[in-house]
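Worksheet: one structure, shown below.
The values are calculated or read from the model by the stated rules, or taken from the named source; none is laboratory data. Just so it is clear, the structure is predicted and the values come from calculations on it, not from any experiment. Please note: Cβ atoms are built from the backbone with ideal geometry, for glycine as well, and neighbour counts cover all protein chains shown.
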Amino acid sequence: MTIRIGIIGAGNISRTHARAALDIAGVELVAHWSRSHHRADAMAAEFGGRAFATLDELVAHRPMDFVIVGTPSGHHAEHAVAAVQGGLHVLIEKPLDISTERVDRLLGECERHRATIGVIFQDRTAPHLAWLRDRIAAGDLGRLLEISAELRWYRPPEYYAESSWRGTWAFDGGGALMNQGAHTVDLLLWLAGDVDRVSATTRTSLHSIEVEDTAVAFLEYANGAVGTLEVTTAAYPGFPRRITVTGSEGTIVVEGDRVTTIALRGDMSPPPAQDVNRNPSTSSPVVSDVTGHRRVIADFIESLQTGRAPLCDGRDGRRSVALIEAAYESARTVPRLSS
């Protein structure tokens with residue numbers, strides 16, 4: 001069976017989507033649209049399919065099974081709604097959008113038009129992270145006490161200077177937390193469950209941007225655990241993400257996407273053979289290995305064929321936006337102690 005996909009967007013991440021999709025047997029890219037017409041033309045020339053001058057023309061193209069949305073974050077819901085209203089399913093690059101208000105409108109349109117919606121959180125497909133989630137669910141760590149994450153990455157000045165939307169409230173929805181940190185926020189929620197309370201502070205420490213390049217948050221989970229989240233794009237030269245999970249039966253540490261420490265009272269089976277993607281995200285937005293993205297797209301295709309929910313559906317994807325939104329609100333409103 002041939003699966004026909006359209007690509008909305010023509011930037012770096014859309015190229016990643018295109019490469020990942022074509023790595024799946026039976027997939028064809030049939031349509032491309034971007035506000036930059038020459039970029040859409042270049043995508044079509046490189047990956048196949050046709051470039052369209054307007055989004056409406058792309059949405060009307062048939063045959064096409066679904067679209068992947070990879071435009072700037074502040075346009076995600078707008079462009080996905082257009083596709084859904086045109087009768088298409090949508091797979092959206094994280095985050096779903098930059099506010100829960102926009103996300104809720106999108107989810108309402110998906111329900112109204114019976115469209116399947118998925119979110120690209122490829123870290124969920126990393127074997128060691130999936131193994132860790134299974135261990136938590138099985139109770140191998142006992143009662144969760146503390147789960148924290150450190151994301152100390154670096155982005156050079158030109159990363160922001162060369163883009164009209166990165167580092168802006170209007171289109172990026174924030175900085176290090178909403179953009180680079182979104183994957184880690186999703187992982188914490190996926191591993192440990194909902195967060196009841198968040199207290200956060202943000203700084204623009206290094207870059208000349210209107211949003212934060214550094215954020216620190218204290219998290220109180222619904223299950224009683226606590227934790228911290230540290231996110232920055234100012235930590236030269238960039239370091240692998242670190243997630244630490246401590247339960248009443250011990251601690252597991254993940255660096256990058258690899259389990260590096262297992263310190264438990266009891267025995268357990270080891271994590272699977274390592275085949276996680278190697279993405280130099282610590283200092284560059286370019287994805288060198290599309291394995292994780294391919295897995296997400298393949299999962300979405302299977303969800304359409306079987307009727308089950310995608311790996312991360314719209315309701316699940318909303319949770320990370322809501323938590324980041326709450327963290328920003330905390331950073332704006334928590335009073336400071338005067339000296």
Task: Residue list for the range 310-339, restricted to those being surrounded by fewer than 19 Cβ atoms within 10 Å (Cβ to Cβ), outside any helix (DSSP H, G or I) and in contact (Cβ under 8 Å) with a residue 40 or more places away in the chain - done: Asp313, Val334
Task: Among the candidates Ser199, Ser148, Ser163, residue that is out of contact with any Phe, Trp or Tyr (no Cβ under 8 Å at 6 or more places or on another chain), surrounded by fewer than 18 Cβ atoms within 10 Å (Cβ to Cβ) and not hydrophobic (A, V, I, L, M, F, W, C) - done: Ser163
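I'd like to know if the range 241-252 contains one or more residues that are closer than 18 Å to Arg155 by Cβ and either at pLDDT 85 or above or of a type in the set (Phe, Trp, Tyr) (or both).
Checked against the condition, which is being closer than 18 Å to Arg155 by Cβ and either at pLDDT 85 or above or of a type in the set (Phe, Trp, Tyr) (or both), the range 241-252 yields at least one hit.
Quick grid of which residues meet (1) surrounded by fewer than 23 Cβ atoms within 10 Å (Cβ to Cβ); (2) at negative phi; (3) of a type in the set (Asp, Glu):
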residue: Ser36; (1), (2), (3): yes, yes, no
residue: Arg39; (1), (2), (3): yes, yes, no
residue: Ala42; (1), (2), (3): yes, yes, no
residue: Ala45; (1), (2), (3): yes, yes, no
residue: Phe52; (1), (2), (3): yes, yes, no
residue: Arg62; (1), (2), (3): yes, yes, no
residue: Val69; (1), (2), (3): no, yes, no
residue: Ser73; (1), (2), (3): no, yes, no
residue: Gly87; (1), (2), (3): yes, no, no
TODO: Just one of (1) within 22 Å of the chain's Cα centre (by Cα); (2) closer than 20 Å to Phe171 by Cα trips up Ala20, so point out which.
DONE: (2)
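Pick from the range 227-251 the residues that are farther than 20 Å from Gly175 by Cα and touching a Lys or Arg at 6+ places or on another chain (Cβ under 7 Å): which of them is surrounded by the fewest Cβ atoms within 10 Å (Cβ to Cβ)?
Within the range 227-251, the subset farther than 20 Å from Gly175 by Cα is 227, 243-251.
Now narrow it down to the ones that are touching a Lys or Arg at 6+ places or on another chain (Cβ under 7 Å): 247-250.
Details: Gly247: 21, Ser248: 11, Glu249: 16, Gly250: 17.
In this case the residue turns out to be Ser248.
Pick out the one residue from Pro280, Pro270 that is modelled with pLDDT under 95, closer than 19 Å to Leu141 by Cα and not in a strand (DSSP E or B).
Working: Pro280 fails: closer than 19 Å to Leu141 by Cα.
Answer to the selection: Pro270.
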